[in-house]
Amino acid sequence: MVSPEQFFELMLKELEVHTEMQPYYKFLGKKSSWHFRRNYFLQRLRYIKKQIVDAPVADHYRKELCIWDCGSGYGTTCLFLALNGIKTIGTTLEFYYETVQKRKEYWSKYGDTSLFTCTYENLFDNRPPAESYDWIIVQDTLHHLEPIDEALQIFHSSLKKNGKVLAIEENGNNIIQRLKLYKYRGNKRIITIWDEKLQKDILIGNENIRSLNTWKKLFEKNTFRITESSVQYVRYYLPLHYRFSDPEKLLKKEEKIQEATGMRREYFFFGLNFIAEKK
């Protein structure tokens, strides 16, 4: 088993080899933001570990788990799960798809990376067979899927009985992020882009982030239920705070703030994690 902390340390070494990933992950950049980025990265992996890797199931069932990472990007989450003995299939539309195979070769020293496979494809072109997956992970991807109702219907169909969607998203109610995105795209929340590899136009959410309540309504409409106990808000403190405070203490303070409902949780946390169960 590989912990999030161990995975992070190994990934730092990998970034020295696969330098093309450095602009994306930015862990080897400014020291002032290092702890800020590290905490956020680990919070996301810890959430996935708690919900999937640490789930109280029989060992034989864990080996049979099959997970679809829709929007797998560089394949980081898939690699983490593979190193923990869980089969994961990643799909992506990112230009850096070709880097994934090189990453698998690097990580094969630490675990069975054959448990992770990845393809370049559009969700709406290649729908999975019915009841194929136990979990679907959508990390920084859910707000890009359009038409969203059709995407959620595909998720519902491809999940096994009692299957779940694990979403890691931006908090659509975050005041700072809302202002930044409005300046960037105005109200143009859905756009069409040309995919060079697929040679076709693709409809995509233009950083179309949503609040938890909006996600609840969308998932409920498409026969899912978001479990309250699974909801987690993350990243409250800005990089500036990390210059003057202990990062672990800041993390504990943040966790206490997110436990209480109210304005700070709803409008000032950047990240939002939740689980939606198939009805």
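For segment 98-106, does any single residue satisfy the condition of being crowded, with 20+ Cβ neighbours inside 10 Å and either at pLDDT below 95 or in a helix (DSSP H, G or I) (or both)? Let's see the steps before the verdict.
We begin by selecting, within segment 98-106, every residue crowded, with 20+ Cβ neighbours inside 10 Å; these are 100, 103.
Now narrow it down to the ones that are either at pLDDT below 95 or in a helix (DSSP H, G or I) (or both): 100, 103.
Looking through segment 98-106, at least one residue is crowded, with 20+ Cβ neighbours inside 10 Å and either at pLDDT below 95 or in a helix (DSSP H, G or I) (or both).
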Exercise for review: Please work out if residue 206 is in contact with a helix residue (DSSP H, G or I) (Cβ under 6 Å, 6 or more places away or on another chain), of a type in the set (S, T, N, Q) and buried (at least 16 other Cβ atoms within 10 Å of the Cβ).
Suggested key: yes
Practice item. State all residues of segment 224-250 that are in contact with a strand residue (DSSP E or B) (Cβ under 7 Å, 6 or more places away or on another chain) and loosely packed, with under 13 Cβ neighbours inside 10 Å; if no residue qualifies, say none. Key: 227
Check your understanding: With 151, 130, 167 as the choices, which residue is in contact with a helix residue (DSSP H, G or I) (Cβ under 9 Å, 6 or more places away or on another chain) and open to solvent by 60 Å² or more (accessible area, probe 1.4 Å)?
Key -> 130
Review point. What residue, among those in segment 1-48 that are part of a loop (DSSP other than H, G, I, E, B) and in contact with a Leu (Cβ under 7 Å, 6 or more places away or on another chain), is surrounded by the most Cβ atoms within 10 Å (Cβ to Cβ)?
Key: 2
Review point. Do any strands (runs of 3 or more DSSP E) lying entirely in segment 158-219 carry at least 2 residues that are under 30 Å from residue 50 (Cα atoms), and which ones are they?
Key: 159-170
Exercise for review: Tell me, please, whether a residue that is over 20 Å from residue 47 (Cβ atoms) and either at pLDDT 95 or above or within 22 Å of the chain's Cα centre (by Cα) (or both) can be found in segment 230-237.
Suggested key: no
Point to revise | Near pairs, Cβ below 9 angstrom, 6+ apart or cross-chain, from segment 29-42 (small (Gly, Ala, Ser)) to any residue that is assigned to a helix (DSSP H, G or I) | key: 29/22; 29/23; 29/37; 32/239; 32/240; 32/242; 33/239; 33/242
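For segment 151-162, state whether one or more residues are in contact (Cβ under 8 Å) with a residue 12 or more places away in the chain and either touching a His at 6+ places or on another chain (Cβ under 7 Å) or over 15 Å from residue 278 (Cα atoms) (or both). Quick ask: steps written out before the conclusion?
Kept after step one, since they are in contact (Cβ under 8 Å) with a residue 12 or more places away in the chain, are these residues of segment 151-162: 151-162.
Restricting the remaining residues to those that are either touching a His at 6+ places or on another chain (Cβ under 7 Å) or over 15 Å from residue 278 (Cα atoms) (or both) gives none.
Taking every residue of segment 151-162 in turn, none turns out to be in contact (Cβ under 8 Å) with a residue 12 or more places away in the chain and either touching a His at 6+ places or on another chain (Cβ under 7 Å) or over 15 Å from residue 278 (Cα atoms) (or both).
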**Study point:** Residue that is farthest from residue 203 (Cα to Cα) [pool: residues in segment 112-127 that are of a type in the set (Ser, Thr, Tyr) and either in a strand (DSSP E or B) or open to solvent by 50 Å² or more (accessible area, probe 1.4 Å) (or both)]
**Key:** 114
Study note, to complete from the structure: Among residues of segment 238-251 being part of a helix (DSSP H, G or I) and of a type in the set (D, E, K, R), the residue nearest to residue 47 (Cα to Cα) is 248
Practice item. May I ask you to say which residue of 197, 221, 253 is closer than 21 Å to residue 34 by Cα, surrounded by fewer than 17 Cβ atoms within 10 Å (Cβ to Cβ) and of a type outside the set (Val, Ile, Thr)? Key: 253
Check your understanding: Which one is modelled with the lowest pLDDT among residues in segment 49-77 that are open to solvent by 30 Å² or more (accessible area, probe 1.4 Å) and closer than 27 Å to residue 101 by Cβ?
Key -> 62
Point to revise | Number of the condition not met by residue 279 [criteria: (1) free of Cβ contacts under 8 Å to residues at least 40 places away in the same chain; (2) open to solvent by 60 Å² or more (accessible area, probe 1.4 Å)] | key: (1)
Review point. What pairs come up if the first residue lies in segment 205-232 and is within 25 Å of residue 182 (Cβ to Cβ), the second is basic (Lys, Arg) and outside any strand (DSSP E or B), and their beta carbons are under 6 Å apart, counting only those six or more places apart or on different chains?
Key: 206/185; 206/188; 206/189; 208/189
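The values are calculated or read from the model by the stated rules, or taken from the named source; none is laboratory data. As the structure is a prediction and not an experimental result, all values here were calculated from the model. Glycine also receives a Cβ, built like all others from the backbone with ideal geometry; neighbour counts cover every protein chain displayed. Keep in mind that these areas ignore ligands, DNA and RNA; they rest on the heavy atoms of the full protein, side chains included. Shrake-Rupley method; radii C 1.70, N 1.55, O 1.52, S 1.80 Å.
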